[in-house]
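Asks: Shown below is the structure under consideration.
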Amino acid sequence: MKHLVPKTFLIAACLSVGLTAKAEDGSAAWLRYAPIANAKQYETLPAVIVSRGESASERAAAEELRRGLTSMLGRPFTVAKNGRGAAILLTADAHLPSESYRIARNIHGLHIDGSSPAAELYGVFHFLELIASQRPIRDEKTQSPSATIRWTDEWDNLNGTIERGYAGRSIFFDNGHVRADLTRAGEYARLLASVGINGCNVNNVNADLDTLSPEHLREFARIADVFRPWGVKLALSIDLTSPQTIGGLDTFDPVDPKVIAWWQSKAAEIYKLIPDFAGFTVKADSEGRKGPSQYGRTPADAANVLARALKPHGGVVLYRGFVYNNHLDWNDRKADRARAGVDNFVKNDGTFDPNVIIQIKEGPIDFQAREPVSPLFAALHKTNVAIEVQTAQEYTGQQRHMVFLPSMWKWVLDTDLRAPGADGKPRATPVKSIVTGHAFPNADGSARMGGFISVTNVGLDANWLHHPMAMANLYGFGRLAWNPDTPVDEIANTWSTMTWGSDAAVRATVPKMLLGSWQVYEGHTGPNGIGTLTNILGYHFGPGIESAERNGWGQWFRGEKDGIGMDRTSAGTGYIQQYPPELAAKYESLATIPDDLLLFFHHVPYDYRLHSGKTLVQSIYDTHYASALAAAEYVPQWKSLQGRIDPERYTQTLHLFEFQAGHAIVWRDAINQWFAKQSGIPDAMHRVGNDPGRMEAEAVKADGFTPVDVTPWETASGGKAMVCHDAKGCTLTTTVQQPSGKYNVAVQYYDMWSGISRYELLVDGKRVAQWSADDTLPPAQFDAAPDGQTATRFTAQGIALHPGATMTLHAMPDMRSELEHVMPAAEANSQLRPRDYREFAPVDYIVIGPDGDLTPQ
Ligand code: GCV
């Protein structure tokens, strides 16, 4: 949306920042090593780095330290094998606990000791972070990770696409093969290592069936090679049918001796190529993937055959707990997708091998804006478990909205499930104590293997995740996986300083924006635990409220005449009883259920009074207005930092905030309109349906445009938009009623994936603004229809208007015939048919509002 920033503004931004900051593309992420303001405080730090280590990781650690210190402190640092006099000494110390490091000073200088080469790297990155944040160098106690498994999962397909990837194509694959140039993959491993992540599963859990072919394995080994210096181990998602599909066997039954032998030989083949291979991730019996149920076998039967094949080589199996039936019966009031985790796994507790870990999504449904934590965490007492979170913002704005997810994850990790101890009494069992293996230890009292997995889905976009702010989520994931007690404000502050610099205004603004952003997003999407309310049958980006209902996917909220919400009490689906008794009692009672989870657990009338004192529906209206306004305020907040941040990243981020401000209004209006219609209860403050300054496109004088019904209706103001099928263009004309003055004029329109419609705004025949619907924003994915994910707006600022002036919107559709039957490359392997991507310049409404940095509400 280049057009959103006036050219004059861009030039001013470049001039004012030119002398203080250089343009950046975000590829350095938080490892920018920008010169620090007060380098003098570190003047006694020795300039020689002594490292005797011969391994690639030790060399990488020494070189990283040299590079970081030289850049931040503005004086040369060198690496030597030996040193006389004071030095920074990088040393291996086998006495330290596994993967641990310690920073200490003595008369020889500063020591960064690691229990392994990878741990030396962790120590180095931590030390560099101290310097970047200008903290004092002190002796630190030994730092150890909270859990063994600290991985990212990437849902990359061998054809180069990424399932739920919002930042371009795969950094690993293209055209059915591993890329020839793996530079980005190596750089990614460096980023992961810098926050203590030690594994990366590079392919989609919906794994290509021939993932384990000898040819592909040889190619995967090249990825492992570029990961290795950074202590990041390669893992692969596999399909359980592999013994049959690529092995040529007549079965994949996990207890069949031929299948057992096949997996053993496949494991041996892998370890020959990749000696430090981390292991397999398995999605089975879920969303169309085949699994052990086909042979009447259990998840443990399937996981264990793999685990036994990997065990001699030191590998692990991450078996996903995301097993559910996506053909549930909507008419069955007892059916409940949320129950699936516990129903499918608890009977197998204690039967999984010690190198199997059940990978459990944070909530029982699917990464919604808010869900309760999965009860499966507290239900498995004799099984290793890990938590799966999603840095890829599938349901949280797809890296077009700023949502700081560590706030959500910390809330999840701190949620105390109150599982009973050996004496049967409830005790403190926060999720973090379970996934780090302490709450339900091994029989000998030692911590179970556990961990943290982030579905990250970085792409070829220079800045990895498209939204510069989204990188705070990857950084925060690493920090929380290393230590789940890390305060989120500490994460936001440190990331902000390292990413955006130490200017006081930047430090005061960015963390504050981040820390409120989850609530803002939740506030203008799905409230009170109802789910995100996105179009679950589409791309999960914009609103599409009823898409969740009346189908087999089970993301239901049962919005009915009498009320709304899933009744998961004992009178309903009984799901609440899957939690330990103390927490179940809290969720079962309307007196104690928190407002923000109400609709996940209870079906209540629309005028139900919340603990906050408001009725449910009024609270929804109020929250949506407040949150859309909070999203709009990101724009002026960000603009206040102009000149304090390099212009390239500043401008890119500004575009995203401008988009978010408009899209938050799409969300706000869709949900408020839907609730008003469904409940029949008007907004006590008369805002819903009364939008000052808004002119519906279908209600003004139109030339050439024709009205269309938008589906779902709530994603257009008044349910309708105007489209233009005339290659010469169409116009909407209105007479200004406002008093003379300067105004913002916003045009709400739809930007399809492919075509490029052009628009111009004229006042009394004179062009005052023009733009093209030509960006990848929105939609984040391919969409050929006007709806909640293609809806966007253009705002022209400072437009002089006077009463009686003629305002005209002139739209030129993109009718190129080559757009008529298009199959996007990313969908080429799917069942979809080519679609018509001509863009008929759809317009929803025009709104005139106060001049200034806020888009008119
Ligand atoms: C990789 C959700 C996503 C799917 C994803 C699945 C999973 O359903 O929409 O894209 O598939 O979760 O986690 O396996």
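Asks: With a ≥ b ≥ c the root eigenvalues of the C-alpha gyration tensor of segment 410-456, is it rounded (a/c under 1.5), prolate (a/b larger than b/c) or oblate?
Replies: oblate
Asks: Let me ask something additional. Using a Cα distance threshold of under 22 Å, what count of lysine pairs results for segment 624-758 when pairs must be 8 or more residues apart or interchain?
Replies: 4
Asks: To continue, here is another question. Out of all DSSP beta bridges in the chain, what portion is antiparallel? Express it as a percent rounded to 5.
Replies: 60
Asks: Computing the accessible area with a 1.4 Å probe over protein heavy atoms, can you report the carbon and sulfur percentage for segment 276-369?
Replies: Here carbon and sulfur together make up 47 percent of the probe-accessible area.
Asks: While we're on this one: Scan around D683 for amide H atoms under 5 Å from its own, H built in the peptide plane at 1.01 Å from N, and keep only partners 5 or more places away or cross-chain.
Replies: HN-HN under 5 Å from D683: V688.
Asks: Right, here's the next one. I'd like the Karplus ³J(HN,Hα) series for segment 718-732: coefficients 6.51, -1.76, 1.60, θ = phi - 60°, whole numbers in Hz, and an x wherever there's a Gly or Pro.
Replies: Per-residue couplings from phi come out as x, x, 10, 9, 10, 10, 10, 9, 9, 4, 7, x, 9, 10, 10 Hz.
Asks: Turning to a different aspect of this structure: Report, to the nearest 10°, how far helix 56-73 tilts away from the longest principal axis of the Cα atoms in the chain, using its own Cα long axis and a range of 0 to 90°.
Replies: 50
Asks: Still on this structure, please answer the following. With θ taken as phi - 60° and the coefficients 6.51, -1.76 and 1.60, list the Karplus ³J(HN,Hα) couplings across segment 533-547 in order, rounded to whole Hz; mark glycine and proline as x.
Replies: The phi angles translate into 6, 7, 6, 6, 8, x, 9, 6, 10, x, x, x, 4, 7, 4 Hz.
Asks: Taking the highest mean first, how do the peptides 340-348, 584-592 order by number of other beta carbon atoms within 10 angstrom per residue?
Replies: 340-348, 584-592
Asks: Another one. What does the charge count near D332 come to, summing +1 for each Lys or Arg and -1 for each Asp or Glu among other residues with Cβ under 15 Å from its Cβ?
Replies: Net charge in that neighbourhood comes out at +2.
Asks: I've got another one for you. Which length gain, in nm to one decimal place, applies between D485 and Q41 when the Cα-Cα distance is subtracted from 0.36 nm times their residue separation?
Replies: 156.9 nm is the gain from fully extending D485 to Q41.
Asks: Relative to the longest principal Cα axis of the chain, at what angle does helix 257-273 sit, 0 to 90 degrees, rounded to 10?
Replies: Relative to the chain, helix 257-273 is tipped by roughly 90 degrees.
Asks: When a/c is below 1.5 the answer is rounded, else prolate if a/b is larger than b/c, else oblate, so apply that to segment 199-289 with a ≥ b ≥ c taken from the square roots of the Cα gyration tensor eigenvalues.
Replies: In terms of gyration-tensor shape, prolate.
Asks: May I ask you to give the percent of accessible area on segment 211-255 that is carbon plus sulfur, with a probe radius of 1.4 Å?
Replies: Here carbon and sulfur together make up 52 percent of the probe-accessible area.
Asks: Give me the number: length gained by fully extending N331 to E820, i.e. 0.36 nm times residue separation minus the C-alpha to C-alpha distance, one decimal in nm.
Replies: Full extension from N331 to E820 adds 172.1 nm.
Asks: Taking all protein chains in place and a 1.4 Å probe, what share, in percent, of the accessible surface of segment 417-459 do carbon and sulfur account for?
Replies: Answer for segment 417-459 is 56 percent, counting heavy atoms of protein chains only.
Asks: At 222 nm, what helix-only mean residue ellipticity would the chain give, in deg cm²/dmol to the nearest 500, using -39500 (n - 2.57) for each DSSP H run of four or more?
Replies: Counting only the DSSP helices, I get -9000 deg cm²/dmol.
Asks: In addition: By how many nm would the segment from Q637 to D225 lengthen if fully extended, with 0.36 nm per residue of separation less the alpha-carbon distance?
Replies: Here the segment from Q637 to D225 would lengthen by 144.0 nm.
Asks: Stick to Cα atoms and the Kirkwood definition of Rh, then tell me Rg/Rh for the chain.
Replies: 0.97
Asks: If you fit an axis through the alpha-carbon atoms of helix 504-524 and take the longest principal axis of the Cα set of the chain, what angle between them do you get, 0 to 90°, nearest 10?
Replies: That works out to roughly 70 degrees.
Asks: For the residue pair S55 and L130, what label-to-label distance in nm results when each label sits 7 Å from Cα along the Cα-to-beta-carbon direction?
Replies: Reported label-point gap for S55 and L130 is 2.2 nm.
Asks: Continuing with the same structure: Which order do you get for Y271, Y539 if you rank them by accessible area with a 1.4 Å probe, largest at the top?
Replies: Y539, Y271
Asks: With a 1.4 Å probe and all protein chains left in place, how much accessible area per residue does the chain have, in Å²?
Replies: Value returned for the chain: 36 Å² of accessible area per residue.
Asks: Now for a different question. So for L249, L832, L514, what's the accessible-area order with a 1.4 Å probe, most first?
Replies: My answer, sorted largest first, is L832, L249, L514.
Asks: Non-local amide H neighbours of R838 (under 5 Å, H modeled in plane, Pro and chain starts lacking H): which ones?
Replies: Result for R838 returns nothing.
Asks: Output wanted: per-residue J couplings in Hz (rounded whole) for segment 796-803, from phi through Karplus 6.51 cos²θ - 1.76 cosθ + 1.60, θ = phi - 60°, x for Gly and Pro.
Replies: In residue order, the calculated couplings are 9, 9, x, 8, 6, 10, 8, x Hz.
The values are calculated or read from the model by the stated rules, or taken from the named source; none is laboratory data. Not measured: the values here are computed from a predicted model. Positions of Cβ are generated from backbone atoms using ideal geometry, with glycine treated the same way; all protein chains shown enter the neighbour counts. Heavy atoms of the whole protein, side chains included, go into the accessibility calculation; ligands, DNA and RNA do not. Shrake-Rupley method; radii C 1.70, N 1.55, O 1.52, S 1.80 Å.
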